[in-house]
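The values are calculated or read from the model by the stated rules, or taken from the named source; none is laboratory data. What you are looking at is a predicted structure, and each value in this text was computed from that prediction instead of being measured. Positions of Cβ are generated from backbone atoms using ideal geometry, with glycine treated the same way; all protein chains shown enter the neighbour counts.
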């Protein structure tokens, strides 16, 4: 497929999402199944147009004076750094059969128009829902716009080296074909830079390093949250919201397969992939606890560390899941807040005296982060915050300035300052 056909396909996918209120991944998958002639490179190019349109939906609509699927797709293509509008217009004009149709004079004027958004409303400049504006401003002060805009960029592909099976030097050699590099902050991280144009990230799951469990896909921010929790070999650990097990695997590597990790999640479907992942990673000190009423009764006040990777808005990973940015509502945020309170209270009961509770979200919203910790300490005054700045500096080999420190003790990672997804971490020790 040539570019006009890819644009036309992206318009179809965006229109399907709008009409049926469905995630981008589902719409793209179904388009691919019904257009089997499209090769993997075509599907990647179409996916890039769709996701770029969703990441910058408001600013493209402002420029194009329309948020229709056609306007979003054209604006996404034209906003790429290497895009040449005359070439795009010529290709579309020469390929009317399979393309979106000739550009109208108005479309050409708008695509040629200035990219300056200074006259646009603040939420349009930031490419975030208007109701989220106050949360970003409260959480990041003068940096709020830079952080919001960074969430509208393409993400890198980050990998975590599984120290149970390999070290980073060995993994980098094995991944030489994809030009991977050591990540800047995590000592067990590997990074493939963001893609450009129609290119896609390599399919890491087809690589021997992944198949043999030497690396796992995990954002560097998520890696750092696991590394900063202070887990040591021999610890008794509860991973309360284990999900598919990404941080469970990181904890197993940190504990060198010694001690015991209990992986629990109240959603059986989210937990299902963990079994295959544990086997591939060679993690032998993990006991999976499926959801049931008394699943954690025997762990009360026994755990050295309880890790709570809490359900949240997911605002910190909007660059990876940009359609979620526009599906999030104030009502759904309130549900996440209630779930976080329940998870923290359940976790507190399992921490032994002298043990540690670790609270993590992939959120940029203060009410999900420091707000929840402040409220938790009102309910449980026996939990005291652990200062993390020195621990972060020692771990990353930096001066610690590449992170925010809400409350003076917790850590907020964010794409503009940390070059990671948006993650919040707080550690509290039970007296």
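Some observations on this one:
- Pairs with Cβ under 6 Å, 6+ apart, first in region 287-299 and farther than 14 Å from residue 346 by Cα, second part of a strand (DSSP E or B): 287/262; 288/263; 289/262; 289/264
- Residue list for region 296-321, filter: in a helix (DSSP H, G or I), out of contact with any strand residue (DSSP E or B) (no Cβ under 8 Å at 6 or more places or on another chain) and surrounded by fewer than 22 Cβ atoms within 10 Å (Cβ to Cβ): 297, 298
- Inter-residue pairs, beta-carbon under 7 Å, first more than 15 Å from residue 326 (Cα to Cα) and not assigned by TED's automatic domain parsing to the domain that holds residue 420 and in region 120-147, second assigned to a loop (DSSP other than H, G, I, E, B) and at pLDDT below 95, 6+ apart: 125/117
- Considering the conditions (1) within 26 Å of the chain's Cα centre (by Cα); (2) crowded, with 22+ Cβ neighbours inside 10 Å, residue 63 is excluded by exactly one of them, (1).
- Selection within region 395-407 - within 21 Å of the chain's Cα centre (by Cα) and part of a loop (DSSP other than H, G, I, E, B): 402, 403, 405
- Cβ separations smaller than 6 Å between residues 6+ apart or across chains give the following pairs from region 309-326 residues that are more than 27 Å from residue 357 (Cβ to Cβ) to residues that are assigned to a loop (DSSP other than H, G, I, E, B) and modelled with pLDDT under 95: 323/23.
- Any hit, region 257-266, residues being at pLDDT 95 or above, assigned to a loop (DSSP other than H, G, I, E, B), within 20 Å of the chain's Cα centre (by Cα) and over 20 Å from residue 160 (Cα atoms): yes
- Where helices (runs of 4 or more DSSP H) sit wholly within region 168-241, those with at least 3 residues that are under 30 Å from residue 341 (Cβ atoms) and at pLDDT 90 or above occupy 220-227.
- Residue 126 vs. criteria at pLDDT 95 or above, farther than 15 Å from residue 417 by Cα, under 19 Å from the mean Cα position of the chain (by Cα) and buried (at least 19 other Cβ atoms within 10 Å of the Cβ): yes
- Among residues that are assigned to a loop (DSSP other than H, G, I, E, B), surrounded by fewer than 22 Cβ atoms within 10 Å (Cβ to Cβ), assigned by TED's automatic domain parsing to the domain that holds residue 415 and at pLDDT 95 or above, residue 280 is not included.
- When we screen 376, 392 for residues that are assigned to a helix (DSSP H, G or I), at pLDDT 95 or above and closer than 19 Å to residue 183 by Cα, the only hit is 392.
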